[in-house]
Amino acid sequence: NMSSIRTAVIFSAVTRFTMRFIGLATAIAVARMLTPEEIGTYAIASAVVMLLVEFRILGAGNFLVREPQIDEDCVRSALGLTVLICGTLGVVILAASVPMADFYGISDLAPIFAILSISFFVAPYISIPISLLSRDLAFGIQFYVRIAAAIVNALVVISLIILGYSYFSLAFAQTMSALTQFVILLWVRPDGMRYIPRFRGMKPIARVGIFSSLALLARKGQMALPDMIIGKLG
């Protein structure tokens, strides 16, 4: 009904602006506490990972939100597709960590990539529940999930920088943010969520997402490639 839609829109807007405020405050604190060289080192790793993030769900979320009728098999197939994609990308990041560190001549990039890869292995169990919450217009729950993750990210990064973990703080904070969402979503468990993946019936889901994922990849590439190029040249 209109009341539910109005509430969902309000929560969606509040979530977006609150996340931006927390993100801005965190970025200001990090910029004050780390040197440009430290921030730049992490920026190289995050730029590479950012390009791969767009393939993590490959339309599975959009499919679940937009499909008129979904059942248990639908949800499990969407989860199965996401598990395959995210698992593959996580392994690719791990395998490429040392070669990428050698390419940039920064040995610490390898463990940063390894830390960031963890979020890919839990991503299916974040993106699918979030999509089901969106389908049910449960943006209030999403608000608490995302804000809790943003607060954890801010607290972890600032605490670890104070303890002397430098750019590793940013990678650990990003991973802890993902794990926070994972744990909360296990607890709230949206209606219809199934945790056993199904590896059949995935083609229609992938077909929905391939073009949107490629479009997002192109957009993120515009932002990420300068960091990657400057990181190598500078």
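The values are calculated or read from the model by the stated rules, or taken from the named source; none is laboratory data. None of the values given here were measured: they were computed from a predicted structure. Here the Cβ positions follow ideal geometry from the backbone for every residue, glycine too, while neighbour counts run over all protein chains shown. When the accessible area is computed, the model is the full protein with side chains, heavy atoms only, and any ligands, DNA or RNA have been set aside. Shrake-Rupley method; radii C 1.70, N 1.55, O 1.52, S 1.80 Å.
Scanning segment 106-151 for residues that are under 30 Å from Met228 (Cα atoms) and among the small types (Gly, Ala, Ser) yields Ser107, Ala110, Ala114, Ser117, Ser119, Ala123, Ser127, Ala149, Ala150. Within segment 13-38, the set of residues being open to solvent by less than 60 Å² (accessible area, probe 1.4 Å) and out of contact with any Ser or Thr (no Cβ under 9 Å at 6 or more places or on another chain) comprises Ala13, Thr15, Thr18, Ile22, Gly23, Ala25, Thr26, Ala27, Ala29. Quick one: would you say Thr82 is closer than 30 Å to Gly61 by Cβ, hydroxyl-bearing (Ser, Thr, Tyr) and surrounded by 17 or more Cβ atoms within 10 Å (Cβ to Cβ)? The answer is yes for Thr82. Taken as a whole, the condition of being assigned to a helix (DSSP H, G or I), without any contact (Cβ under 8 Å) to a residue 60 or more places away in the chain and over 16 Å from the mean Cα position of the chain (by Cα) does not apply to Ala25. Do we find a residue being more than 23 Å from Val122 (Cβ to Cβ), in a helix (DSSP H, G or I), out of contact with any strand residue (DSSP E or B) (no Cβ under 6 Å at 6 or more places or on another chain) and at pLDDT below 90 anywhere in segment 55-71? Within segment 55-71, one or more residues are more than 23 Å from Val122 (Cβ to Cβ), in a helix (DSSP H, G or I), out of contact with any strand residue (DSSP E or B) (no Cβ under 6 Å at 6 or more places or on another chain) and at pLDDT below 90. Of all residues in segment 134-150, those satisfying the criterion of being among the hydrophobic types (A, V, I, L, M, F, W, C), open to solvent by 10 Å² or more (accessible area, probe 1.4 Å) and within 26 Å of Phe63 (Cβ to Cβ) are Leu137, Ala138, Phe139, Ile141, Phe143.
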